[in-house]
Amino acid sequence: MNHTTPTPLEITQKLKTQATLLGFSLVGVTHAVSPTTHPEFLSWLEAQYHGEMAYLQRRKEAYEDAHAVHSTVRSIVMLAANYANTPSPSTKQPRISRYAQSGVDYHDVLREKLTQLCVWLKTLLPLSKSRGIVDTAPLLERDFARQAGLGWFGKNTMLIHKFQGSYFFLSALLTDVELVADTPQETSHCGTCTRCLEACPTDAFVAPYQLDARRCISYLTIELRQAPIADDLKPLMDDWIFGCDVCQEVCPWNRKHIPASAPEFSDSSKLSTLDLNGLLSLTPDNVHQHFHQTPLERPGRDGIVRNAAIYAGNQRCIDAIPALKKLLDDPSLMVRDAAQWALQKLSGHESPSSQPPR
């Protein structure tokens, strides 16, 4: 029986079809070349815009070459999974970014799909070696996604696709199989629009295409874990307790309603209502119980309680005063600081009777 080896074009076409069947909304291929934006990435680190995300600095050289992630890589398959089905809440309640509203950890969902895609490719080409990546390896995903034709860099630093907008997760399949590369996205379609820059509540954009993460609400509510949030930034966080979507919400390319490309991202019932006093009373065990295997587990108990306390102050939640007073003796400096600030807001900026943060 004559078995013919499929051509690179045939493999590429079949792989794209399989990826779509698995729930990816966009698929593009690029060669394992050096990312074009690595020099800009190093300059960004040099400016300290990464804040407490020290892992980026530690691995800065690895980002220059995809072979640091997969030594025999020849082709990089960039994949996007849309999550934009969940609308922003209409009622005044603690807000979380759309990507986290499904109540599942997108890492788990996408890793499973990438594993299935790796198995499929291994079945087609038994000698092939591939590795799936979901934003935890030193890979400049946006750069390779642009080279794979999936979109352009918006002025808010997000990757934007003409028909899918920017509400999507990126992941990658690194393989030693020679695939046919797509045409890179060379054109930006932002034009003179600066809505994202102007709408940012904290003025986190130093310039178009440059984000100072230290001022970004997503960074403040998720990644900042060693120090209290600065008092001048707390009021600007408004009702956000996990992430922020403002720069995407105002983007004209996100006007279309795009259904989630995977059913796992459609169910928002798990986190549809967040009780403020319940959040303020969280313990480490509670966090694991309520938010295990969801993005909200990442900030940890201290991060979530801190964010909830700031929300209470910003939204003038008088009913939260008893819970906030209990937090003045919390072991976490971040929590004590946020509780004291919130109580000052709720009492007309008068100092609370309990002792200040230590």
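The values are calculated or read from the model by the stated rules, or taken from the named source; none is laboratory data. In this text, all values refer to a predicted model and were calculated from it rather than measured experimentally. Neighbour counts are summed over all protein chains in view; Cβ atoms, including those assigned to glycine, are modelled from backbone coordinates with ideal geometry. SASA here: full protein model, heavy atoms, side chains in, ligands and nucleic acids out. Shrake-Rupley method; radii C 1.70, N 1.55, O 1.52, S 1.80 Å.
Given a 1.4 Å probe and heavy atoms of the protein chains only, how would you sort R214, R74, R146, largest accessible area at the top?
R74, R214, R146
Per-residue accessible area for L124 at 1.4 Å probe radius, Å² rounded to 10?
Result for L124: roughly 50 Å² accessible.
Using modelled amide H (1.01 Å from N, peptide plane; none on Pro or chain starts), what sits under 5 Å from the amide H of L125, excluding residues fewer than 5 places away?
none
Rounded, prolate or oblate for the range 6-164? Axes are the square roots of the Cα gyration tensor eigenvalues, ordered a ≥ b ≥ c, and the cut-off for rounded is a/c under 1.5.
Since a/c reaches 1.5 but b/c is at least a/b, the shape of the range 6-164 is classed as oblate.
Just reorder D239, D135 by solvent-accessible area, largest first, 1.4 Å probe, all chains present.
D135, D239
The range 289-319 to the range 170-205: how many Å between their Cα centroids?
30 Å
Where does each of L9, L197 land when they are ordered by accessible area, with a 1.4 Å probe and the largest first?
Greatest to least solvent exposure: L9, L197.
Got a number for carbon plus sulfur as a percent of the chain's accessible area, 1.4 Å probe?
52 percent
Just how large is the dipole of the range 10-64 about the Cα centre, in debye to the nearest 20, putting +1 at every Lys and Arg Cβ and -1 at every Asp and Glu Cβ?
Dipole magnitude for the range 10-64 comes out near 240 debye.
In whole Hz, with x marking every Gly and Pro, tabulate ³J(HN,Hα) for the range 208-217 from phi via Karplus 6.51 cos²θ - 1.76 cosθ + 1.60, θ = phi - 60°.
x, 6, 10, 10, 8, 4, 5, 10, 6, 4
Under the 0.36 nm per residue contour assumption, what length would be gained going from the current alpha-carbon distance of R225 and E10 to full extension?
The R225-E10 span can extend by a further 72.6 nm.
How much area per residue is accessible in the range 290-338 when the probe is 1.4 Å and only protein heavy atoms are counted (Å²)?
Numbers: 1890 Å² over 49 residues.
Using a 1.4 Å probe on heavy atoms only, each residue of the range 290-338 averages 39 Å².
Report the local net charge at A66: Lys and Arg +1, Asp and Glu -1, summed over other residues whose C-beta lies under 11 Å from its C-beta.
Numbers: positive: R74, R131; negative: E64, D65, E141, D143.
Local charge sum for A66: -2.
Please say if the range 186-281 is rounded, prolate or oblate, where rounded means a/c under 1.5 for a ≥ b ≥ c the square roots of the C-alpha gyration tensor eigenvalues, and otherwise the choice is prolate for a/b larger than b/c and oblate otherwise?
oblate
For the ranges 281-293, 152-164, what's the packing order if you count other beta-carbon atoms within 10 Å of each residue, average per peptide, and put the highest first? The partial results should precede the final answer.
Numbers: 281-293: 13.8, 152-164: 20.2.
Going from most to least packed, we get 152-164, 281-293.
Can you tell me the FRET efficiency between H257 and C193 if r is taken as the Cβ-Cβ distance and R0 is 30 Å, rounded to the nearest 0.05?
For R0 = 30 Å, the calculated efficiency reads 0.90.
Please list 3J(HN,Hα) in residue order for the range 176-192, calculated via the Karplus relation 6.51 cos²θ - 1.76 cosθ + 1.60 where θ = phi - 60°; whole Hz, with x for glycine and proline.
Along the range 176-192, the couplings run 8, 7, 7, 10, 8, 6, 8, 6, x, 7, 9, 9, 9, 10, 7, x, 8 Hz.
Given charges of +1 on the Cβ of Lys and Arg and -1 on the Cβ of Asp and Glu, with all other atoms neutral, how large is the dipole of the chain about its Cα centre, in debye to the nearest 20?
For this selection, approximately 380 debye.
Can you tell me the length gained on complete extension of the stretch S71 to S266, counting 0.36 nm per residue apart and subtracting the Cα distance?
So the extension gain works out to 66.6 nm.
Mind checking the angle between helix 300-314 and the chain's longest principal axis? C-alpha axes, 0 to 90 degrees, to the nearest 10.
It works out to around 60 degrees.
Which ³J(HN,Hα) values, rounded to whole Hz and listed in residue order, are derived for the range 9-18 from phi using the Karplus coefficients 6.51, -1.76 and 1.60 in 6.51 cos²θ - 1.76 cosθ + 1.60 with θ = phi - 60°, glycine and proline given as x?
5, 5, 4, 4, 5, 5, 5, 5, 4, 5
Around P299, under 10 Å between beta carbons, what's the net of Lys plus Arg minus Asp minus Glu among the other residues?
+1
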